[in-house]
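The values are calculated or read from the model by the stated rules, or taken from the named source; none is laboratory data. All figures in this text were calculated on a predicted structure; none of them were measured in a lab. Counting neighbours? That spans all protein chains shown, and the Cβs are built from the backbone with ideal geometry, glycine included.
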Amino acid sequence: MSLLAIRDVTRVFGGLVALDGVSFDVHEGEIFSVIGPNGAGKSTLFNIVSGFDQPTSGSVSFAGREVAGERPHRLVRSGIARTFQNTQLFEELTVFDNVLAGTFPVTRAGVVAAALRLPRARREDRLAREEAHRLLRMVGLDGEADTLAEDLPHGLRRLLEVARALATSPRLMLLDEPAAGLDSAETRELASVLYRVRDAGATMVVVEHDMGLVMEISDSIVVLDRGCKIAEGPPMLIQKDPAVIEAYLGEEAGDDA
Amino acid sequence: MSDRTRRFAQSGGAVLAAAAVLALPLVVTDRYLLKVLTFVGLNVIIVAGMAVLFGYAGQVSLGHAAFTGIGAYTCGFLTARAGWPWMTAVAAAVALSALGGLALALPSLRLRGHYLAMATLGFSVIANIVFVEAKSLTGGNDGLSGIPFASVGPVRLDTPWSNYLLVWGAAVVVVALVSGIVRGRPGRAMAALQGSEMGAMACGVDPVRVKVTAFTLSAGLAGLSGALFASAVGFVSPTSFALETSIILLAMVVLGGTRSVAGPVLAAVALTLLTYIDGLIPGLSKTTVAALQDWKGDIYGVVIVGVMLFVPAGMAGLARAWRRKSRSVTGAGEAA
Amino acid sequence: MGAAQLLQFTIAGLKNGAIYALIALGFTIVYASTGILNFAQGEFYMLGGMVAVWALRTLGLPLLAAVPAAVLVTVGVGALVERLALRPRRAEAPLVLIIITIGVSMLLQSLARHLFGPNEVALPPFTAGPSITFFGAAIERQTLWVWGLTAVALLVLWVLYTRTKLGLAMRATAVSHDSSRLVGIDTARVVMVTFALAAALGALAGVAVAPLTQTAYDVGARIGLKGFAAAILGGLGGPVAAVAGGLVLGLTESLSAAFISSTYKDAIALVVLLAVIFLKPSGLFGRAGREKV
């Protein structure tokens, strides 16, 4: 059974059709990429799946449950985590505290438990801290735990956001252009982190422009162009698909002009 | 210093400070000074709640004097006119203020932007009109007098010393509870929210819920302070809960700084003592005291504007920056 | 209640409404160009009245000179507030700027008490003479001044916004600071002019009404709140909506005083404010959009 099933999702902004009847399935354990030229509707799709936007029509089902229109904070609790194209870090907090904030959905202490420092709140807190340290090691940021997020070099900010998303203990990770702005060494590091994430059991959907990275890590790819799905399949087939080549050639011609 | 030892030192320091505060009546015998210090404690209770609201949840309130008023009038009316036992009346006062906070915050926080600040200003003005006009409940401009001292069973707290201990005992407990909240999971959610609302949502934080919780909590604590004020002073009138008082409270949290409880609490102590400076320095001339009273509005205005212009994170922010700097220096030393 | 009495209440409502409209306009233009809820807007109103009285009594200026002088002084204060207290923190979150305006408001109020004293004062009417009778209702001459000055202010504002280069720059800045800078608009200057203009509107309201109701150093917060209520009622959108909001609020207040309770007349405006804030969905407000993801 598919973990995420997108069916006929359409999103209209005013008169503009950002997504036009898009359907696809993401299976448990895969790295699934969504690619397409600028304005293809990738970000809109991400926002819909993560609850930051709602489809005009169509359905999004996650683990067999309809989730379209649910608020983001609820979706995180049911196991959908995301990163942002423009990183949304807590700049004035340390790297460690950023990741610790990610444990919010998997911890429970409320105002009363925290105020009274009940034993279960303290135990939970200790576990959350251990988990945050573990995740920092996993993405290779353990040396930066006390650095403020705003002081972190650009290349590491995306890794921090990945670690924070992992702290929510997701079944599905949505990564919005994780390699944007990274140099090739940093991209290599990212790829190895993503493999570790997959091996830890999370399914990933990635929006990415770096084709080398996409072709390398993806199990399956869907291609969007102007809101429509124009191709779907494993990297080998996508690379040869005439519709995909044309869509990208069209974009490059447009860029050159 | 490692995280653990620092925390240990911090909690040790906090316990010592609490003990010193509660032992103060052993050395201070001046009744006026004790009264002044009792007022300081009352403000500490309000400001501890506002520290959560402002410094962690990132919301401005101009209505906290009104919540204090609700607590004071509720406790005063229930004990003086309705004959309720003191404890029950205080509980009712806290509950009513918190409920008022909830009712105000829930709708205005669903909106983006800072409508809550304006809504609290409106609430503050309405509350003051009600305090003046609902004469059968509040005594109008003449106020509500004859409020009995706090009493639990046969024990009546009718000396300045016992009231000092009551108020500061409550303040110590409140500060301890609030510190637990901000250091724990709810505080992390609030700090996240202030850092990036979208980022916080991606961490499973419900922004409305967190802000409403912070507002309700702070309104309830303001109500507690008001209830204690009513029973310690025995008299309540509308002027104590005017808009100006709310702005003074805001000046305290702003000066104290963001993401800290200790900062605003210290600022509350300092700014409250400023207006009662004569209790602290007995030899002070009458004209100096009068001038300070006369210019306190200007002082608070300058404090608010000045802090926001030059150190928006307040004293706590300065302390954090300083700590980071000294740590990075020692870090570099160890590396070398 | 007789028709004449009802008319009397309506006239009072429209008089107050015109005042609220001027304050609401000040809120609206500042909010449009900066996103700041200016808590000091009511202090501009206070300054208008107090400075005029001071110029008249202490400086001995004739009324005809004292009134424009008061407006000019307040304009200067408005521009200074923007330049000294807000511009240095323009890049900060709105929260910081809002708190600054709260502090400025407190400061202006306290300084006004030191300069002008704690007492309530009033101006003489701009034109002496008995009230005018209109279908059995009395209209004070000063009320006509209030309406006239409001109308002139609206006209000037309209010409400024639609017929001048400065107005174009102001409208562009309200849409986007970045794009405006790209096309060569000095947005910092535009924001300062906007504050000065908001101060002028507040001061004008303050002087126009000072002969009718007494004024004092501490009237700012309450009138500011009502102006804000009017602005919210108009949706914090365009100037026309702000004026409509002001008139609706004035009438609501006056008629509720007539039919419900004059004791809680002030509270009613605020209840309207809270009700609108609570009941209108966020989409109706100017900038309720989501952050770009």
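Some points to look at:
- In this entry, C:GLY103 passes the filter for residues that are free of Cβ contacts under 8 Å to residues at least 40 places away in the same chain and crowded, with 24+ Cβ neighbours inside 10 Å.
- Residue within region C:41-64 that is acidic (Asp, Glu) and either more than 14 Å from chain B (Cβ to nearest Cβ) or within 20 Å of C:LEU212 (Cβ to Cβ) (or both) present: yes
- Residue check for B:ILE147: away from chain A (no Cβ under 11 Å), outside any helix (DSSP H, G or I) and among the aliphatic types (A, V, I, L, M): yes
- Yes/no for B:THR245 being surrounded by fewer than 24 Cβ atoms within 10 Å (Cβ to Cβ), more than 9 Å from chain A (Cβ to nearest Cβ) and in contact (Cβ under 8 Å) with a residue 12 or more places away in the chain: yes
- Check on B:GLY49, in contact (Cβ under 8 Å) with a residue 24 or more places away in the chain and either closer than 23 Å to B:PRO160 by Cβ or part of a helix (DSSP H, G or I) (or both): yes
- Count - residues of region B:59-79 that are part of a helix (DSSP H, G or I) and of a type in the set (S, T, N, Q): 3
- Test: C:LEU166 is within 14 Å of chain B (Cβ to nearest Cβ), in a helix (DSSP H, G or I) and among the aliphatic types (A, V, I, L, M): no
- First in region C:108-123 and closer than 11 Å to C:MET50 by Cα and within 12 Å of chain B (Cβ to nearest Cβ), second anywhere and buried (at least 18 other Cβ atoms within 10 Å of the Cβ) and hydrophobic (A, V, I, L, M, F, W, C), Cβ under 6 Å, 6 or more apart: C:ALA112/C:MET50
- Where strands (runs of 3 or more DSSP E) fall wholly inside region A:28-145, the ranges with 2 or more residues that are away from chain B (no Cβ under 13 Å), surrounded by fewer than 20 Cβ atoms within 10 Å (Cβ to Cβ) and polar (S, T, N, Q) are A:57-62.
- Scanning region A:134-181 for residues that are of a type in the set (Val, Ile, Thr) and over 18 Å from A:ILE217 (Cβ atoms) yields A:THR147, A:THR168.
- Counting only helices (runs of 4 or more DSSP H) that sit completely within region B:253-330, those holding 3 or more residues that are out of contact with any Asp or Glu (no Cβ under 7 Å at 6 or more places or on another chain) and either within 14 Å of chain C (Cβ to nearest Cβ) or within 30 Å of A:ALA145 (Cβ to Cβ) (or both) correspond to B:262-275, B:286-294, B:296-310.
- Scanning region B:87-124 for residues that are at pLDDT 95 or above and either buried (at least 21 other Cβ atoms within 10 Å of the Cβ) or of a type outside the set (A, V, I, L, M, F, W, C) (or both) turns up B:THR88, B:ALA89, B:VAL90, B:ALA93, B:VAL94, B:LEU96, B:SER97, B:ALA98, B:GLY100, B:GLY101.
- From C:THR263, C:THR194, residue being within 14 Å of chain B (Cβ to nearest Cβ), of a type in the set (Val, Ile, Thr) and within 26 Å of C:VAL276 (Cβ to Cβ): C:THR263
- Taken over region B:168-213, the criterion of being part of a helix (DSSP H, G or I), of a type in the set (Gly, Ala, Ser) and within 8 Å of chain A (Cβ to nearest Cβ) is satisfied by B:GLY180, B:GLY187, B:ALA189, B:ALA191, B:ALA192, B:GLY195, B:GLY199, B:ALA200, B:ALA202.
- In region B:163-190, residue nearest to B:VAL212 (Cα to Cα) [restricted to those that are hydrophobic (A, V, I, L, M, F, W, C) and free of Cβ contacts under 8 Å to residues at least 12 places away in the same chain]: B:LEU177
- Residue in region C:224-233 that is more than 25 Å from B:ALA242 (Cα to Cα) and surrounded by 24 or more Cβ atoms within 10 Å (Cβ to Cβ) present: yes
- Take the conditions (1) touching a residue at least 12 places away in the same chain (Cβ under 8 Å); (2) over 19 Å from A:GLN85 (Cα atoms); (3) among the small types (Gly, Ala, Ser); A:ALA185 misses just one of them, which is (1).
- Filter result (in contact with a Ser or Thr (Cβ under 9 Å, 6 or more places away or on another chain) and either without any contact (Cβ under 8 Å) to a residue 12 or more places away in the chain or part of a strand (DSSP E or B) (or both)) within region A:146-176: A:LEU148, A:LEU172, A:MET173, A:LEU174, A:LEU175, A:ASP176
- Count - residues of region A:231-249 that are among the small types (Gly, Ala, Ser), closer than 11 Å to A:ILE221 by Cα and surrounded by fewer than 16 Cβ atoms within 10 Å (Cβ to Cβ): 1
- Candidate set from region C:58-72 (those that are touching a residue at least 12 places away in the same chain (Cβ under 8 Å) and over 16 Å from the mean Cα position of the chain (by Cα)); member that is nearest to C:LEU107 (Cα to Cα): C:ALA69
- Subset of region B:135-162 that is of a type in the set (Ser, Thr, Tyr) and free of Cβ contacts under 8 Å to residues at least 60 places away in the same chain - its residue that is surrounded by the fewest Cβ atoms within 10 Å (Cβ to Cβ): B:SER136
- Flag if C:ARG171 is among the charged types (D, E, K, R), surrounded by fewer than 23 Cβ atoms within 10 Å (Cβ to Cβ), assigned to a helix (DSSP H, G or I) and modelled with pLDDT of 90 or more: no
- Some residue of region B:121-131 being facing another protein chain (nearest Cβ under 8 Å), small (Gly, Ala, Ser), without any contact (Cβ under 8 Å) to a residue 40 or more places away in the chain and within 30 Å of C:VAL272 (Cβ to Cβ): yes
- Residue in region B:100-111 that is within 24 Å of B:VAL233 (Cβ to Cβ), within 20 Å of the chain's Cα centre (by Cα) and touching a residue at least 60 places away in the same chain (Cβ under 8 Å) present: yes
- Taking (1) surrounded by 24 or more Cβ atoms within 10 Å (Cβ to Cβ); (2) more than 30 Å from B:THR120 (Cβ to Cβ) in turn, C:THR28 satisfies each apart from (2).
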